[in-house]
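Notes follow once the structure below has been shown.
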Amino acid sequence: MTLFPMIQPALSASEQPLPLAREAAWDFERDEPILRRGEPQFVTGADAVAVWAWNALSTVRYRHEIFSWDYGCEVETLTGQSYSSETKKAEAARYVREALLQSPYITGVEDIRVSFEKSTLRISCKVQTVYGPLRIER
């Protein structure tokens, strides 16, 4: 019980409820947005977080001026490095975790699996979101 029930303290920025996540619908097979009659389609909630995660992992961090320096992934920096396979996998997992945790909708990243198939990096992880768990395969 409060002394002044009519007066409530303002919520701080970190206590403000998040708006419903919304992103352009994405065709993960073709790696392109889904359009209908030339117009982008949109998804919300967990589907939107999955799209955001996919695109964050696909975007090279610091390369594009349109994105903040908090957006994107640094796995490309491992290309051409003479690190051992285990070191590259560990660094790739760290880069994935750092990239995904930039989203306020993502609360945790677990079970990160990294593999190299020739020159292709495969990433799989479980992402805890405010909407529930997701599996990201990239």
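What follows draws every value from the coordinates through simple rules; no lab data is involved. Note that this is a predicted model, so its numbers are computed, not measured. Cβ coordinates were reconstructed from backbone atoms using ideal geometry, including for glycine residues, and neighbour counts include every protein chain displayed.
Some observations on this one:
- Degrees, to the nearest 10: 85-100 long Cα axis against longest axis of the chain: 30
- J(HN,Hα) series, the stretch 34-43, from Karplus relation 6.51 cos²θ - 1.76 cosθ + 1.60, nearest Hz, glycine and proline x: 8, 10, 10, 6, x, 9, x, 9, 10, 10
- Expressed as a fraction of 2.2 N^0.38 Å, the value expected for a compact globular protein of N residues, the C-alpha radius of gyration of the stretch 20-69 is 1.20.
- Crossing angle, helix 46-58 versus the chain [Cα axis fit, 0-90 degrees, rounded to tens]: 40
- In order along the stretch 128-135, the phi-based Karplus estimate (6.51 cos²θ - 1.76 cosθ + 1.60, θ = phi - 60°) of 3J(HN,Hα) comes to 8, 10, 5, 9, x, x, 10, 10 Hz; Gly and Pro are listed as x.
- Remark on residue 59: its backbone amide H falls under 5 Å from those of 73, a criterion applied only to residues 5 or more positions apart or on other chains, H modelled at 1.01 Å from N.
- Counting only lysines at least 8 places from residue 118 when in the same chain, those with an alpha carbon closer than 18 Å to its own are 88, 89.
- GNM result for the chain, Cα springs below 10 Å: residue of 110, 91, 15 fluctuating most strongly: 15
- Here the Karplus relation 6.51 cos²θ - 1.76 cosθ + 1.60, evaluated at θ = phi - 60°, turns the backbone of the stretch 104-109 into coupling constants of x, 7, 9, 9, x, 10 Hz, with x for every Gly and Pro.
- At full extension, residue 126 and residue 67 could sit 18.8 nm farther apart than now, given 0.36 nm per residue minus the alpha carbon distance.
- When peptides 30-41, 93-104, 65-76, 48-59 are ranked by their average number of other Cβ atoms within 10 Å per residue, the highest-first order is 48-59, 93-104, 65-76, 30-41.
- Rotationally averaged projected area of the chain (alpha carbon convex hull; nm²): 12.5
- With Cα atoms as the point set, the radius of gyration and Dmax of the stretch 73-138 evaluate to 12.3, 40 Å.
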